[in-house]
2 protein chains.
Amino acid sequence: MPRPTETKAWQALASEAARMREVHLRDLFADDPGRSERYKATAAGLTLDYSRHRVDDATLGRLVDLARAMEVEAWRDRMYAGARINTSENRAVLHVALRDLDDAFGCAVDGVAVHGEVRTVLAQMRAFSEAVRTGAWAGHTGKPISDVVNIGIGGSDLGPRMVCTALAPHHDGPRTHFVSNVDGQAITEVLEAVDPETTLFVIASKTFTTQETLTNAHSARDWFLASGADDAAIARHFVAMSTNTEAVAAFGIDPENMFRFWDWVGGRYSLWSAIGLPIVLALGMDRYEALLRGAHAMDRHFLETPLDQNLPVLMALLGAWYNNFLDFSTHAVIPYDHRLRLLPSFLQQLDMESNGKRVTRDGEPVAWATGPVVWGGVGTDAQHAFFQLLHQGTQVTPVDFIVAETPAHGLASHHRILRANCEAQAEALWRGREAPQGEPHRAFGGNRPSSLLSFERLDAQTLGALVAAYEHKVFVQGVLWDVNSFDQWGVELGKAMAGALLEKGAG
Amino acid sequence: MPRPTETKAWQALASEAARMREVHLRDLFADDPGRSERYKATAAGLTLDYSRHRVDDATLGRLVDLARAMEVEAWRDRMYAGARINTSENRAVLHVALRDLDDAFGCAVDGVAVHGEVRTVLAQMRAFSEAVRTGAWAGHTGKPISDVVNIGIGGSDLGPRMVCTALAPHHDGPRTHFVSNVDGQAITEVLEAVDPETTLFVIASKTFTTQETLTNAHSARDWFLASGADDAAIARHFVAMSTNTEAVAAFGIDPENMFRFWDWVGGRYSLWSAIGLPIVLALGMDRYEALLRGAHAMDRHFLETPLDQNLPVLMALLGAWYNNFLDFSTHAVIPYDHRLRLLPSFLQQLDMESNGKRVTRDGEPVAWATGPVVWGGVGTDAQHAFFQLLHQGTQVTPVDFIVAETPAHGLASHHRILRANCEAQAEALWRGREAPQGEPHRAFGGNRPSSLLSFERLDAQTLGALVAAYEHKVFVQGVLWDVNSFDQWGVELGKAMAGALLEKGAG
């Protein structure tokens, strides 16, 4: 692999940056009024409007050149083909197989097809969730399950939690609760709100050794047994998503109710696997499959569409443009949608854990910026919180605005106001305004870039496509930066040091 | 005022930065093992350990020189004295008066003391909250109030919401809900969960014209009337924090139940004013007064303590050091406390709305970095989300860790693990680690700075002190950067453009 900075495209982009630093978005719109129509990409029900970016056709051409030089298409094809592209852990990366319900891609690892195993676990999830949702699966005193408590952290928490919140209007199963933090306050607050006779605990830990998850799981079991239930009842109230049969059984869970996944499913890509079980319990298997199908539609788009019209590729290239060439080192995600309020936190993990890296795939130190700081919030709330800095701060943050055309609720006037605000903010950021005479604090420099991602309505299918678009964006950026986006060695040292402190009896 | 870059201290700090760029925290600890004991500041029950910062005595001395050169003490004294330091709006800035229960500071605006008015509103809040909490104030069908819905946005939402979440273990009043977003999904979800006969709506808008808040308030009133209540019942179920008597009365609220505040209370400093009413309803007036007393203790510390031992001043100087001299343009806040999970969002507003500015107090463009991007999350969750980038990313983010010695729950083993993780992360960030042979992805460069803010337990008093510390930190940074930290003209343009779009019937 070439180092990105040694490619011709990188050099050309450095020149582009020198040119573009002197250009205002007002000039770009004046010179090319058609750009608002032309700079659009559509995929799987999503539309990306990228006209408010500090690029023109020449810049975009050089960005696509960079994608070619770094072999984005070849790496993408290797991922879909099940190659072990997570080299530091010698693993394939096949979240696309999890949502390939019809086996269109024929994913395989070392020649062994994965589709059959995926279907088997999906069938297990369907059967179990239907039993719980219909009441056929009851608690140990015969009462139906009213509450599900997911105990997991990181990828075993953020994805399912975000999806359940995003699709709350479609929630028709037991109430769901999420406990992730080892801070005892988290499990305490949830246990105060649920009834041991009607609560199902869903323990998500691949190894069944994750410190936070097992600490919380044991406290939940203690609480359950303290209610008067006997050991045999544990298997009615605890199930696991794991691969460690022995530990799961030792905990008291029936291995029949252990939902498996595979080493080619990374934690931050695991909502599409058995880790999605709380989603299925809340929303039903049909909606979960719609989520998978939405993601799959984006997977096809990403696989089949030329780079210059490829929605996640464009998102990735624009991000690299700002991060590497205009030195904007943070990226804000701002859904104008109350249901997507957890999306920024979810994307923090997806993006920063994937690309917050300092060595190349070959282990050489990078000499270019890798992953940005990803942050954000929900509109319109964020307008009353941090938008001051977006408009008038000394650093520029590119923004992703996200909005649905049609809401799930019936308050049409609210949605009209919501959408007008979203549109107005994107406009104000690029356009700016001169100050009235004598009031320099009222000047807006403008020239601040944003994307607008929109769709007809937020349902399971659209949400699947949206999340998959970000996954592929992050993947493409990892290729551009020549890093392994699928490991996370950066969490190793703190974990080891915490372990040492606890052994010493400190802390 | 001198421009900060023209002070001798700024020049000296530029030289310090050149020196410090070559120094590793491992060297600083080796050269001065006493620094972990010496680099501590205490105030109002909080301890700031700032030993893990890339500074030594010389750097700290130059930073204090900068504070003197920019006249931090004089500006502070002007603020406490009620001078109109918010020049673009010609307002005093007196949140310190709101928590000065014994009138120790004798705050006045244009010679008129404010203490009496503050006490009057506090007495009104006490009387009203006690009536609601005891059931003396009942709904229109005679049932006691079970749920309070706060409708407000920005400062009228983030502060009360954060405090109610932080002090949840002490919650002994009606359930509280917060609706801020104009997205109709937000009010829809809350209205589905409450009963019109037992719900009290608390409408927070100084002008009673805030678009989001009034839109939500009208939808809440429609819902209430649709339940069969008549117009006269509105006054039993709606109260307001506002200054617009006419609009409040027109809405149907009894002006007796309008809780006032003053133009010297900025939105992001308003949780200490009538805007704190939902806190009082949830926790009781005695706890709210403890919150005020905690903040007041920090106000005294900030007023009376020499700069080089002044906790918020030190926080401010370290932030400026990284932002202006080492070019670290973001700042992360990471409480190891589930109860403080909303603190990062609260601090985003406090910090970014205050100091995300591009002109000086005199209206000259700044030629130095002002406010950083503030972001964060809660430990240990964040370890499984974005810590990868903190440890191994290409940009450095200084971190504030926050932790209590003693939890509110009884799960001692959880708290031991929580604290060990917090300590270990701070340690891992500065110390780093060499890679094992042949595994360069396992190397940690270290030299990544953090503060540790700790206290015995998180109660109302400590929380008050903690928030006040950040308020004063932000104030000091505004002085260092010569900006007006108390206006927010940056939100004006988007608002105007949204209004224009709505008039055109678009959106």
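The values are calculated or read from the model by the stated rules, or taken from the named source; none is laboratory data. These figures come from a predicted structure and were not determined experimentally. Positions of Cβ are generated from backbone atoms using ideal geometry, with glycine treated the same way; all protein chains shown enter the neighbour counts. The area values use the complete protein model at the heavy-atom level, side chains included, leaving out ligands, DNA and RNA. Shrake-Rupley method; radii C 1.70, N 1.55, O 1.52, S 1.80 Å.
Can you pull the Kirkwood radius for the stretch A:358-507, inverse mean 1/r over Cα pairs, to one decimal in Å? All intermediate terms of the calculation are to be shown ahead of the outcome.
Working: mean 1/r = 0.0515 Å⁻¹.
Taking every pair of different Cα atoms in the stretch A:358-507, averaging 1/r and inverting gives 19.4 Å.
In this model, which of A:LYS495/B:LYS40; B:LYS40/B:LYS473; A:LYS143/B:LYS143 are farther than 21 Å apart at the alpha-carbon?
Cα-Cα > 21 Å for A:LYS495/B:LYS40; A:LYS143/B:LYS143; rest within.
Return the average number of partner chain Cβ atoms within 10 angstrom of each residue Cβ along peptide A:339-346. If you can, show how the numbers build up before the last one.
Numbers: counts 4, 2, 4, 0, 0, 1, 5, 1.
Mean number of neighbouring Cβ atoms from other chains: 2.
Assuming R0 = 41 Å, can you tell me the calculated FRET efficiency for the pair A:VAL112 and A:ASP57, based on Cβ-Cβ distance, to the nearest 0.05?
0.35
Summing +1 for each Lys or Arg and -1 for each Asp or Glu, what net charge is found among the other residues whose Cβ lies under 10 Å from the Cβ of A:GLY155? Please report the intermediate quantities before stating the final value.
Numbers: positive: A:LYS206, A:ARG268; negative: A:ASP157, A:GLU353.
Computed value for this residue: 0.
Compute the length gained on full extension between B:GLN309 and B:LYS8: take 0.36 nm times their separation in residues and subtract their Cα-Cα distance, giving the result in nm to one decimal.
Contour length minus the Cα-Cα distance gives 106.2 nm.
Stokes-Einstein at 4 °C, 1.567 mPa s, Kirkwood radius from Cα pairs: D for the stretch B:105-233 in µm² s⁻¹? The partial results should precede the final answer.
Values: Rh = 16.3 Å.
The diffusion coefficient I find is 80 µm²/s.
Report the gain in length on full extension from B:ARG175 to B:ARG126: 0.36 nm times residue separation, minus Cα-Cα distance, nm rounded to one decimal.
Extra length available between B:ARG175 and B:ARG126 comes to 15.9 nm.
Shortest first, in nm, what separates the label point of A:ALA136 from those of the same position in the other copies (7 Å along Cα→Cβ)?
Shortest to longest, the spacings are 5.8 nm.
Shortest first and in nm to one decimal, what separations exist between B:ARG21 and its copies in the other chains, measuring from label points 7 Å along the Cα-to-beta-carbon line?
Ordered by distance, the counterparts are at 1.6 nm.
Which of the GluC sites (Glu not before Pro) across the stretch A:403-441 are loop residues per DSSP, with 12 or fewer other Cβ within 10 Å?
Qualifying residues, ordered by number: A:GLU434.
Counting Lys +1, Arg +1, Asp -1, Glu -1, what net charge surrounds B:TRP430 among other residues with beta carbon under 15 Å of its beta carbon?
Charge balance in the 15 Å sphere: -2.
Defining a contact as two alpha carbons under 8 Å apart and six or more residues distant in sequence, what relative contact order in percent does the stretch A:99-149 show?
Relative CO of the stretch A:99-149 lands at 17 percent.
Using only the alpha-carbon atoms of the stretch A:311-368 as identical scatterers, what base-10 log of I(q)/I(0) does the Debye formula give at q = 0.17, 0.19, 0.21 Å⁻¹?
Once normalised to I(0) and log-transformed, intensities are -0.72, -0.87, -1.02.
Write down the accessible area per residue of chain A in Å², having rolled a 1.4 Å probe over the full set of protein chains.
Result: 32 Å² per residue.
Looking at the calculated P(r) for the stretch B:64-111, what percent of the C-alpha pair distances fall above 13 Å?
Within the stretch B:64-111, distances greater than 13 Å cover 59 percent of Cα pairs.
With the cut-off at 1.5 for a/c, could you classify the stretch A:177-237 from its C-alpha gyration tensor as rounded, prolate or oblate?
Oblate.
Report the Cα centroid-to-centroid distance between the stretch A:1-60 and the stretch B:3-67 in angstrom, as an integer.
42
Using only C-alpha positions, report the orientation-averaged shadow area of the convex hull of the stretch B:246-378, nm², one decimal.
11.8
Buried by at least 50 Å² relative to the chain on its own: which residues of the stretch A:182-211 qualify, computing accessible area with a 1.4 Å probe on protein heavy atoms?
A:VAL182, A:ASP183, A:GLN185, A:GLU189
If only Cα atoms are counted, what is the Rg of the protein assembly as shown, and what is its Dmax, in Å?
27.6, 84
May I ask you to give the percent of accessible area on the stretch A:9-70 that is carbon plus sulfur, with a probe radius of 1.4 Å?
Roughly 48 percent, rounded to a whole number.
Could you pull the copy-to-copy label distances for A:LEU225, with points set 7 Å along Cα to Cβ, in nm to one decimal and sorted shortest first?
A:LEU225 label point versus its equivalents elsewhere: 5.9 nm.
Place the peptides A:287-298, B:312-323 in order of packing, highest mean first, counting for every residue the other Cβ atoms within 10 Å and averaging per peptide.
B:312-323, A:287-298
Can you tell me the order of B:277-284, A:75-82 when each peptide is scored by its average per-residue count of other Cβ atoms within 10 angstrom, highest first?
Packing proxy ranking, top to bottom: B:277-284, A:75-82.
Partner chain Cβ atoms within 10 Å, averaged over the residues of A:426-434 - can you pull that number for me?
Details: counts 2, 6, 9, 2, 0, 2, 1, 4, 0.
Averaged over the peptide's residues, the number is 3.
How much length, in nm to one decimal, is gained on full extension between A:LYS40 and A:HIS218, taken as 0.36 nm per residue of separation minus their Cα-Cα distance?
Gain on stretching A:LYS40 to A:HIS218: 59.0 nm.
Just to confirm my numbers, what's the Cα centroid distance between the stretch B:191-265 and the stretch A:362-436 in Å?
If we compute the Cα centre of each part, the gap is 30 Å.
For B:ASP65, B:ASP100, write out the residues from largest to smallest accessible area, computed with a 1.4 angstrom probe and no ligands counted.
The residues order as B:ASP65, B:ASP100, largest area first.
If I compute solvent accessible area with a 1.4 Å probe over the protein chains, what percent of it on the stretch A:249-313 is carbon and sulfur?
45
Quick check on the stretch B:306-426: what does the Kirkwood estimate of hydrodynamic radius come out to from the alpha carbon pairs, in Å?
Numbers: mean 1/r = 0.0624 Å⁻¹.
Value: 16.0 Å, from the Cα pair sum.
Within 10 Å of each Cβ in peptide A:152-159, how many partner chain Cβ atoms are there on average? Round it to a whole number, please.
Across A:152-159, the average partner-chain Cβ count within 10 Å equals 3.
Considering just Cα atoms, how many Å³ per residue does the convex hull of chain B enclose?
Taking only Cα atoms, chain B has a hull volume of 167 Å³ per residue.
State, as an integer percentage, the relative contact order of the stretch A:1-135 based on alpha-carbon contacts under 8 Å between residues 6 or more apart.
It comes to 16 percent, rounded to a whole number.
So what's the net charge close to A:LEU122: Lys and Arg +1, Asp and Glu -1, counting the other residues with Cβ under 14 Å from its Cβ?
-1
Threshold 40 Å², probe 1.4 Å: give the residues of the stretch A:377-394, in number order, that are less accessible with all protein chains present than with their chain alone.
Listed in order, they are A:THR380, A:ASP381, A:HIS384, A:ALA385, A:PHE386, A:GLN388, A:LEU389, A:GLN392, A:THR394.
Suppose the Debye formula is applied to equal point scatterers at every Cα of the stretch B:398-454; what is log10 I(q)/I(0) at q = 0.14 Å⁻¹?
-0.50
Rounded to the nearest 100 Å², what is the buried accessible area between B and A, both sides summed, probe 1.4 Å?
On the way: alone 20670 and 20680 Å², together 32650 Å².
Between B and A, the summed buried area is about 8700 Å².
Based on the Kirkwood radius over alpha-carbon pairs, what value in µm²/s does the Stokes-Einstein equation return for the translational diffusion coefficient of the stretch A:160-278 at 37 °C and 0.692 mPa s? Each step should come with its number before you reach the end.
Working: Rh = 14.9 Å.
Result for D is 220 µm²/s.
Output the relative contact order of chain B, whole-number percent, from Cα pairs under 8 angstrom with separation of 6+ residues.
20
Just from its helices, what would the mean residue ellipticity at 222 nm be for chain A, if runs of 4 or more DSSP H residues each count -39500 (n - 2.57) and the sum is divided by every residue, rounded to the nearest 500 deg cm²/dmol?
After summing the helix terms and dividing by the residues of chain A, the value is -13000 deg cm²/dmol.
Can you pull out the chymotrypsin sites (Phe, Trp or Tyr not before Pro) in the stretch B:90-194 that DSSP calls coil and that have at most 12 other Cβ atoms within 10 Å?
Taking the stretch B:90-194 and a limit of 12 other Cβ atoms within 10 Å, no loop chymotrypsin sites (Phe, Trp or Tyr not before Pro) are found.
So if R0 is 60 Å, what FRET efficiency would A:ASP31 and A:ALA104 give, r being the distance between their Cβ atoms, rounded to the nearest 0.05?
Plugging the Cβ-Cβ distance into 1/(1 + (r/R0)^6) gives 0.90.
Among chain B residues, which Cβ is nearest the axis of the B-onto-A rotation, and at how many Å?
For chain B, the closest residue to the axis carrying it onto A is B:TRP375, 2.
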